[in-house]
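Presented below is the structure to which this report refers.
The values are calculated or read from the model by the stated rules, or taken from the named source; none is laboratory data. Just so you know, these numbers come straight off a predicted model, no measurement behind them. Please note: Cβ atoms are built from the backbone with ideal geometry, for glycine as well, and neighbour counts cover all protein chains shown. Only protein heavy atoms, including side chains, enter the accessible area calculation; ligands, DNA and RNA are left aside. Shrake-Rupley method; radii C 1.70, N 1.55, O 1.52, S 1.80 Å.
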Amino acid sequence: MEIDKKRAILKHNLDSMWNFYDEVEQFVSQIDSPREVPDFSGYVESVIKEPKDPFLEVLDTASISQIAFTIKSCKRCSLSVTRTHSVPGSGVINAKVMVVGEGPGESEDLSGEPFVGKAGVFLDSWLHAISLSRTENVFITNVVKCRPPGNRNPLPEEIETCEVYLDRQIALIKPEVILCVGKVAGNHLLHKSGTLSSLRGKFYNYHSIPLLVTYHPAAVLRNLALKRDVWNDLQLLAQFLHLQLKRKGE
Ligand code: URA
């Protein structure tokens with residue numbers, strides 16, 4: 001039976017019971033003023049719950065490696081047709097910082113690892129400058145786990161389908177800070193459609209986790225003038241986490 005039908009039947013029965021007992025009470029107490037039937041809708045919805053998507057139910061109890069395993073064979077959107085490998089993310093499970101990018105590029109699609117191309121090497125140098133690294137204290141992942149063809153931006157429906165994975169990864173890793181690199185990640189996690197320059201430079205609250213947005217390393221490689229803003233953002237992050245700034249050559 002459909003959930004709406006079940007709820008309607010329960011609500012009807014509760015209303016009838018209320019009216020019956022109210023009639024008895026009026027008779028016993030010799031009063032002649034029926035009481036208004038309370039609204040049982042909230043109670044009915046809490047008793048007859050929407051069925052959970054079985055996929056989400058399994059994911060809710062999955063570990064980081066089980067999530068990665070699920071992502072590896074995911075076929076929930078059409079990006080799975082064009083990818084070589086999906087890229088769940090990698091790094092340290094109890095990370096201080098979780099870096100969230102946009103989606104795998106060509107090198108990542110071929111290797112199955114996040115940020116391993118030119119932009120990834122640049123990102124590693126940013127992390128190194130503030131005593132962070134993906135082998136010690138960082139987990140790196142993306143909003144979508146499969147490469148959008150030709151490196152186009154992921155479509156809203158692709159982001160929506162994939163968001164269960166990122167949500168669960170964040171909930172399990174519970175990083176001290178989330179660092180979004182690029183507009184796609186910033187817009188998605190903040191539910192804000194601003195430009196990157198309007199989003200960067202300050203901390204936000206993402207479900208009680210401080211979240212900072214900065215430029216995507218690929219954007220900085222295209223426009224080196226953005227390096228100054230990125231450095232300011234990295235210094236902000238280092239200050240917040242009491243991280244040591246590395247000197248040149250260190
Ligand atoms: N760009 C991204 O946003 N993510 C990657 O993993 C690689 C490039």
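Any idea which residue in the stretch 210-226 is farthest from the ligand (Cβ to nearest atom), counting only those that are open to solvent by 20 Å² or more (accessible area, probe 1.4 Å) and under 20 Å from GLY194 (Cα atoms)?
PRO210
Within the stretch 54-132, which helices (runs of 4 or more DSSP H) (wholly inside it) include 2 or more residues that are under 24 Å from LYS246 (Cα atoms), at pLDDT 95 or above and open to solvent by 30 Å² or more (accessible area, probe 1.4 Å)? Break it down stepwise before answering.
Details: elements: 54-60, 64-72, 79-82, 106-111, 118-129.
Because the criterion is at least 2 residues that are under 24 Å from LYS246 (Cα atoms), at pLDDT 95 or above and open to solvent by 30 Å² or more (accessible area, probe 1.4 Å), the helices (runs of 4 or more DSSP H) in the stretch 54-132 that meet it are 118-129.
Quick test for you: out of SER125, SER78, pick the one residue that is over 21 Å from the mean Cα position of the chain (by Cα) and among the hydroxyl-bearing types (Ser, Thr, Tyr).
Testing whether each residue is over 21 Å from the mean Cα position of the chain (by Cα) and among the hydroxyl-bearing types (Ser, Thr, Tyr) leaves just SER125.
Filter the stretch 164-186 down to the residues that are within 13 Å of the ligand (Cβ to nearest atom) and either under 13 Å from the mean Cα position of the chain (by Cα) or surrounded by fewer than 21 Cβ atoms within 10 Å (Cβ to Cβ) (or both) and list them by number.
The answer is LEU166, LEU179, CYS180, VAL184, ALA185, GLY186.
Which residues, taken from the stretch 235-250, are loosely packed, with under 10 Cβ neighbours inside 10 Å and either within 12 Å of VAL97 (Cβ to Cβ) or touching a His at 6+ places or on another chain (Cβ under 9 Å) (or both)?
Hit for the stretch 235-250 is GLU250, nothing else.
From the list VAL143, VAL100, pick out the single residue that is touching a residue at least 60 places away in the same chain (Cβ under 8 Å), of a type in the set (A, V, I, L, M, F, W, C), within 9 Å of the ligand (Cβ to nearest atom) and within 24 Å of TYR206 (Cβ to Cβ).
On the way: VAL143 fails: touching a residue at least 60 places away in the same chain (Cβ under 8 Å).
Exactly one residue qualifies, and that residue is VAL100.
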